[in-house]
1. If we scan region 132-153, do we find a residue that is of a type in the set (K, R), open to solvent by 10 Å² or more (accessible area, probe 1.4 Å), over 18 Å from F9 (Cβ atoms) and part of a loop (DSSP other than H, G, I, E, B)?
2. Please verify whether D113 is of a type outside the set (A, V, I, L, M, F, W, C), free of Cβ contacts under 8 Å to residues at least 40 places away in the same chain and part of a helix (DSSP H, G or I), treating the condition exactly as stated.
3. Among K17, K40, which is the only one that is open to solvent by 10 Å² or more (accessible area, probe 1.4 Å) and in contact with a Leu (Cβ under 7 Å, 6 or more places away or on another chain)?
4. Give me the pairs: first residue in region 200-228 and farther than 22 Å from T8 by Cβ and at pLDDT below 95, second residue of a type in the set (S, T, Y) and assigned to a loop (DSSP other than H, G, I, E, B), beta-carbon distance under 7 Å, and six or more apart or on different chains, which are they?
5. Is one or more of the residues making up region 187-204 of a type outside the set (G, A, S), open to solvent by 10 Å² or more (accessible area, probe 1.4 Å), closer than 30 Å to A164 by Cβ and within 17 Å of the chain's Cα centre (by Cα)?
6. Scan region 57-79 for residues that are part of a helix (DSSP H, G or I), in contact with a helix residue (DSSP H, G or I) (Cβ under 7 Å, 6 or more places away or on another chain) and closer than 20 Å to I109 by Cβ and jot them down.
7. Applying the selection to region 28-53, what residues are outside any helix (DSSP H, G or I) and within 13 Å of the chain's Cα centre (by Cα)?
8. For region 17-50, how many residues are in contact with a Cys (Cβ under 8 Å, 6 or more places away or on another chain) and of a type in the set (S, T, Y)?
Amino acid sequence: MKTRIETTFENLKAQNKKALIPYIMAGDPHPLVTVDLMHKLVAHGADIIEVGLPFSDPMADGPVIAHAAERALAAGTSTRDAIEMVREFRKTNTTTPVLVMGYLNPVEIIGYDAFSDLCADAGVDAILMVDLPPKEAGDFPKKLTARTDNPMNQIFLLSPTTEAARRAKVIEDCSGFIYYVSLKGVTGSASLDVAAVSEQVQKIKAETDIPVCVGFGIRDGASAKALGAVADGVIVGSELVKNFAKIDASDEQAVAAAIDQLLAKMDELKSALAEV
């Protein structure tokens with residue numbers, strides 16, 4: 001049984017298109033915003049949605065997304081709340097894949113099997129735990145893909161500094177798509193080297209048929225187009241999330257204006273990928 005992510009990439013490949021994967025933090029700037037925002041992202045070209053699970057020590061994230069997590073936690077959003085937002089989204093959207101991205105500490109508290117059950121029951125399609133290395137994941141990836149109720153993918157990261165042994169393990173255990181980190185740094189860093197990323201993506205694609213998507217450091221249509229030319233999709237987070245950084249979440253007009261800016265960036269990215 002194919003997952004929604006696998007079906008989506010098959011459809012995109014048949015249409016010679018690249019995936020646009022926006023990242024948002026669940027509960028940012030307010031829990032009541034997230035589900036409606038997910039639907040708006042789909043309307044503005046999202047092929048897959050990555051939903052961040054708020055965590056107080058997001059080691060891979062730069063200040064923009066780290067502050068988004070702080071806002072979400074301050075607004076009372078828990079890991080379970082975030083998963084419930086996916087369940088609410090699924091009531092009216094049964095086709096767009098949703099990936100949840102977070103850190104292991106909350107999963108350790110909930111329990112791996114219980115967390116997997118929560119995600120599957122809510123309609124989550126893939127799980128990415130930044131601090132769960134493939135070597136330590138055990139049979140967790142196989143358990144996700146083997147589910148009969150709602151099979152899910154386990155997404156792993158590859159970066160410019162990934163050693164050969166880990167790279168081989170990621171390619172072996174990853175499903176859905178491989179998330180290639182475009183730079184040596186945290187999310188939102190500025191030093192994107194398109195040529196170096198292209199070289200690495202081509203090497204990965206020579207070793208596997210799993211789609212490869214690139215995230216970290218993509219700021220605009222130009223960078224999305226450049227990376228979309230070599231990858232199967234691009235993931236954009238900080239450039240979207242930053243729109244909530246300086247607003248009062250209780251100010252409905254300010255929130256609406258921030259969402260409009262976010263969606264305008266989505267339109268720019270989608271148009272750029274259409275030119276690839």
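1. yes
2. yes
3. Exactly one residue qualifies, and that residue is K40.
4. Pairs that qualify, where the first residue is farther than 22 Å from T8 by Cβ and at pLDDT below 95 and the partner is of a type in the set (S, T, Y) and assigned to a loop (DSSP other than H, G, I, E, B), are G217/S182; G217/S189.
5. Yes; the residues of region 187-204 include at least one that is of a type outside the set (G, A, S), open to solvent by 10 Å² or more (accessible area, probe 1.4 Å), closer than 30 Å to A164 by Cβ and within 17 Å of the chain's Cα centre (by Cα).
6. Residue satisfying the conditions is T79 alone.
7. Scanning region 28-53 gives A46, D47, I48, I49, E50, V51, G52, L53.
8. So the answer is 0.
The values are calculated or read from the model by the stated rules, or taken from the named source; none is laboratory data. Here the structure is a predicted model, which means the values were calculated and not measured. FYI the Cβ positions are ideal-geometry reconstructions off the backbone, even for glycines, and counts take in every protein chain you see. Note: areas computed on protein heavy atoms with side chains; ligands, DNA, RNA excluded. Shrake-Rupley method; radii C 1.70, N 1.55, O 1.52, S 1.80 Å.
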